[in-house]
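Take a look at the structure below.
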Amino acid sequence: METSSRLTFLLYALLIILISPLAHAHFEEVHVLVDAGRYAEANDKLEAIAESTKDIEVKSWCYYHIGEIYYNYTHQYTKAAAAYDKILKLENKGLPPEELFLAIIKKGDVYSRMGNYQDAIQTYDRLIKLAPASHFVHKTGLQKIRDINTALADLREQQRIAIQYKGTPLGAIAEFQIAELYRNPSQLNQPEKAIAKYEGLLKTHPAATVAPEARWRIANLRHTLLNQSALAMATYRKVVDDYPTSNFAAEALFQMANIHRTAEKYSLAIPVFEKLKQKYPNFWNMHAVLYWTAVCHEKNLNYPKAIEAYETFLHAYLPQLDPGYLGQISMHDKSIPEVEAEIGKKIGQLTKQMAEMELERLNTARANRDFSKALHIARNLIATSPHTPQAEQAAEQLPILQHLTAIENLREQLQNNTLAPAGAARARLQIGTIYERQLQDYPKAIEVYQEVLKHHPDSIYAAEARYRSGLVHAEQLSAPNEALQAYKSVITSHPNTLQAMMASFQLGELYRKLNRSNEALQAYKTTIGYPERDRYLAGGYKDSFADRAQFRIGRVHYDDNRYDEARAVFEEFIQNRGQSPRLAAAHIYLAAISEKRAENRLAIEYYKNTETLLKNDPVQMTMLIEEASMLGNLQATDAAAVIQFLEARIKRLSTETTKSD
């Protein structure tokens with residue numbers, strides 16, 4: 001949940017605490033009406049309560065929910081703003097500050113949703129002036145204003161890129177970035193406009209690499225923000241039909257099943273979950289698929305199937321599950337042991353099976369390259385005989401079998417000639433990435449990437465295949481010449497692509513490691529010449545290949561003892577890239593240069609700046625360790641060692657300076 005959503009939830013929780021028991025009862029009635037889509041009736045009831053009560057908290061509660069209905073369900077934003085205004089008019093009548101703050105935030109959100117960003121900023125500015133500087137809503141107001149201004153600046157840049165590179169893959173990426181800015185509630189917060197932008201992208205670039213995600217985003221906006229379940233379901237289905245080899249097809253099926261489940265249509269949800277299990281066995285959220293399948297079977301009173309699904313979840317997925325993913329099964333407030341105990345109670349007494357026979361069947365199926373059958377047997381063996389040596393062997397094979405089965409499914413679609421050219425190219429590329437990333441079978445990955453080049457030489461997927469071949473040769477196979485050839489082929493064959501920009505950067509990295517400094521510098525400069533594609537990080541930072549490339553230019557000069565050039569680069573970096581996650585790393589390089597020049601006071605200043613930037617900032621700390629861990633005597637791999645190094649450096653230099661004075 002993003003920061004502004006958490007804030008709204010907290011203030012709303014305070015509002016609920018303040019209202020009377022009678023209002024709680026009314027809330028349940030309104031909730032039922034809203035769930036049934038009877039928005040006009042819900043509004044009429046809320047208006048009647050607000051009109052009849054003299055309780056300020058109850059009035060505020062009514063107007064808040066009227067605003068929410070207009071904002072979230074009927075999308076009548078002018079009426080939503082009017083509802084929140086009614087809360088603001090209660091300011092001098094004893095309205096608790098939390099309710100006033102919440103109304104101001106919601107009104108600002110409405111203005112953003114309408115595209116009236118200046119009014120939104122003025123509204124958030126009112127919040128800043130009202131709330132004490134120590135109050136969390138004060139900081140939220142500041143952050144919202146910063147987010148809007150940053151997003152508007154990014155929008156202008158992406159619009160420029162979209163015009164300059166119209167009709168190219170880079171132009172498509174820019175159009176997608178524009179839609180993303182409108183989609184994000186913490187940026188431009190216009191889901192309807194985002195949908196229009198995604199649809200425009202799909203019309204002009206139907207085969208773009210981001211096309212599956214764009215279609216999925218449309219469905220997800222209708223589902224999660226606009227509460228248009230029927231339209232969302234139809235659009236999710238189109239993702240599955242049009243992009244069956246994309247990871248977003250699996251995401252779409254998952255959301256379709258959940259729409260059925262939350263509507264208590266369990267018989268409709270189960271086959272969708274089963275299709276997801278069958279078609280996309282390596283889906284990242286498979287633990288949630290198994291859990292919700294069990295819930296649906298349980299609700300349908302099909303206890304044998306429910307037990308089977310619960311057992312698979314409990315023994316195959318829960319032991320390796322990161323607790324952070326428990327929110328996917330609505331158990332974010334529980335620990336792994338608590339979930340294990342809860343599911344264990346549901347299961348009861350298990351039916352014993354012959355583990356030896358099942359393991360033999362598993363090994364036979366795998367030897368026959370029937371991976372889907374082997375995967376099914378492995379899951380059942382682990383679920384039904386979890387504490388046997390045979391189950392342990394099956395568990396060891398499970399991750400590999402999932403990926404081999406995914407490859408098997410993709411190969412089957414290719415052999416059946418059921419895919420359009422773009423879909424076939426995407427399928428081959430996905431097979432290659434599974435071999436590369438999940439199975440670490442790098443020669444096989446290269447072989448499949450060559451298939452992409454053979455069958456789809458001019459597609460954007462060929463650009464990605466060439467690029468990934470370069471990465472594998474450089475980072476896994478220790479074959480720099482082959483890597484150089486692959487990167488150069490990307491730039492030559494696919495010039496106006498994201499992969500060309502990334503290949504330029506990787507050329508710089510490879511040349512730098514080969515101590516070919518001049519060629520590295522040229523490659524990094526070429527990278528900076530491409531339009532930046534920003535990646536937003538925690539803490540408001542923006543990363544990009546251009547950011548990394550400019551920093552690496554400074555590193556190359558430093559490593560070659562060209563300290564004047566390095567200093568100039570890092571000083572320019574600090575001045576022009578105020579949102580970079582590498583600011584602390586740039587300061588520590590400047591400190592090291594100053595120290596080498598016996599400029600102790602300047603070195604101390606830079607070390608102190610580094611220390612300030614690193615304070616409670618994991619993003620800057622991570623980047624410093626990555627970019628400067630081998631600088632001088634630093635050689636740090638953890639935050640504590642970095643801080644210890646800085647403190648020791650500052651102390652030593654301060655002592656030397658004092659003595660010299």
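The table that follows gives values for the structure above.
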quantity	calculated
Hits in segment 82-91 (condition: closer than 25 Å to Glu28 by Cβ and either surrounded by fewer than 23 Cβ atoms within 10 Å (Cβ to Cβ) or over 34 Å from the mean Cα position of the chain (by Cα) (or both))	Lys86, Ile87, Leu90
Segment 486-506 residues that are in a helix (DSSP H, G or I) and surrounded by fewer than 24 Cβ atoms within 10 Å (Cβ to Cβ), paired with ones that are at pLDDT 95 or above and charged (D, E, K, R) (beta carbon under 6 Å, 6 or more apart)	Ser489/Arg466
Long-range neighbours under 9 Å by Cβ, at least six apart or interchain, first residue in contact (Cβ under 8 Å) with a residue 40 or more places away in the chain within segment 76-103, second part of a loop (DSSP other than H, G, I, E, B)	Glu99/Leu90; Phe101/Ala131; Phe101/His135; Ala103/Leu90; Ala103/Leu95
Verdict on Leu631 being in the same structural domain as Val569 (by TED's automatic domain parsing), under 23 Å from Ser544 (Cβ atoms), aliphatic (A, V, I, L, M) and part of a helix (DSSP H, G or I)	no
Some residue of segment 134-149 being in a loop (DSSP other than H, G, I, E, B) and either over 30 Å from Ala422 (Cα atoms) or assigned by TED's automatic domain parsing to the domain that holds Ile105 (or both)	yes
Helices (runs of 4 or more DSSP H) wholly inside segment 330-422 that include at least 3 residues being touching a residue at least 40 places away in the same chain (Cβ under 8 Å), crowded, with 17+ Cβ neighbours inside 10 Å and not assigned by TED's automatic domain parsing to the domain that holds Ile434	371-384, 389-415
Residue in segment 284-302 that is surrounded by fewer than 14 Cβ atoms within 10 Å (Cβ to Cβ) and out of contact with any helix residue (DSSP H, G or I) (no Cβ under 9 Å at 6 or more places or on another chain) present	yes
Members of segment 390-432 that are over 22 Å from Arg366 (Cβ atoms) and among the hydroxyl-bearing types (Ser, Thr, Tyr)	Thr418
Criterion (within 23 Å of Ala374 (Cα to Cα) and either of a type in the set (A, V, I, L, M, F, W, C) or over 23 Å from the mean Cα position of the chain (by Cα) (or both)) met by exactly one of Leu314, Leu326, Leu253	Leu314
Top-ranked residue of segment 335-361 - restricted to ones that are in contact with a helix residue (DSSP H, G or I) (Cβ under 8 Å, 6 or more places away or on another chain) and at pLDDT below 70, ranked as farthest from Leu381 (Cα to Cα)	Gly348
Residue in segment 236-252 that is surrounded by fewer than 23 Cβ atoms within 10 Å (Cβ to Cβ) and touching a His at 6+ places or on another chain (Cβ under 9 Å) present	no
Residues (among the basic types (Lys, Arg) and surrounded by 24 or more Cβ atoms within 10 Å (Cβ to Cβ)) located in segment 435-467	Arg466
Residues that are closer than 13 Å to Gln644 by Cα and either of a type in the set (Ser, Thr, Tyr) or not assigned by TED's automatic domain parsing to the domain that holds Gly578 (or both), drawn from segment 598-618	Tyr607, Thr610
Residue check for Gly94: buried (at least 22 other Cβ atoms within 10 Å of the Cβ) and either outside the structural domain of Ile460 (by TED's automatic domain parsing) or under 30 Å from Gly529 (Cα atoms) (or both)	no
Residue under evaluation Pro281, criteria (1) within 30 Å of Leu419 (Cβ to Cβ); (2) of a type outside the set (A, V, I, L, M); (3) part of a helix (DSSP H, G or I), criterion not met	(3)
Hits in segment 95-125 - residues which are outside any helix (DSSP H, G or I) and in contact with an Asp or Glu (Cβ under 9 Å, 6 or more places away or on another chain)	Leu95, Pro96
Residues of segment 627-641 that turn out to be within 18 Å of Phe570 (Cβ to Cβ) and touching a residue at least 12 places away in the same chain (Cβ under 8 Å), as a count	5
Matching entry among Ala288, Ala252, Ala214, Ala194 (being more than 30 Å from Thr497 (Cα to Cα), among the small types (Gly, Ala, Ser), modelled with pLDDT of 95 or more and not assigned by TED's automatic domain parsing to the domain that holds Ala425)	Ala288
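Residue by residue, here is whether (1) among the hydrophobic types (A, V, I, L, M, F, W, C); (2) not in a helix (DSSP H, G or I) holds:
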site	(1), (2)
Gln575	no, no
Gly578	no, yes
His587	no, no
Ala592	yes, no
Ala598	yes, yes
Leu613	yes, no
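Every residue, every condition in (1) surrounded by fewer than 14 Cβ atoms within 10 Å (Cβ to Cβ); (2) at pLDDT 95 or above, yes or no:
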| site | (1), (2) |
| --- | --- |
| Phe573 | no, yes |
| Ala586 | no, yes |
| Leu590 | no, yes |
| Ser629 | no, no |
| Ala636 | no, no |
| Leu646 | no, no |
| Leu653 | no, no |
| Ser660 | yes, no |
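Conditions tested, residue by residue: (1) of a type in the set (Phe, Trp, Tyr); (2) crowded, with 22+ Cβ neighbours inside 10 Å; (3) closer than 20 Å to Asp109 by Cβ.
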| site | (1), (2), (3) |
| --- | --- |
| Ala40 | no, no, no |
| Lys45 | no, no, no |
| Ala50 | no, no, no |
| Lys54 | no, no, no |
| Glu57 | no, no, no |
| Trp61 | yes, yes, yes |
| Ile66 | no, yes, yes |
| Thr74 | no, no, yes |
| Ala80 | no, yes, yes |
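The values are calculated or read from the model by the stated rules, or taken from the named source; none is laboratory data. Predicted model, so just to flag it, every value in this text is computed and none were measured. Note: ideal-geometry Cβ built from the backbone for every residue, glycine included; neighbour counts use all protein chains shown.
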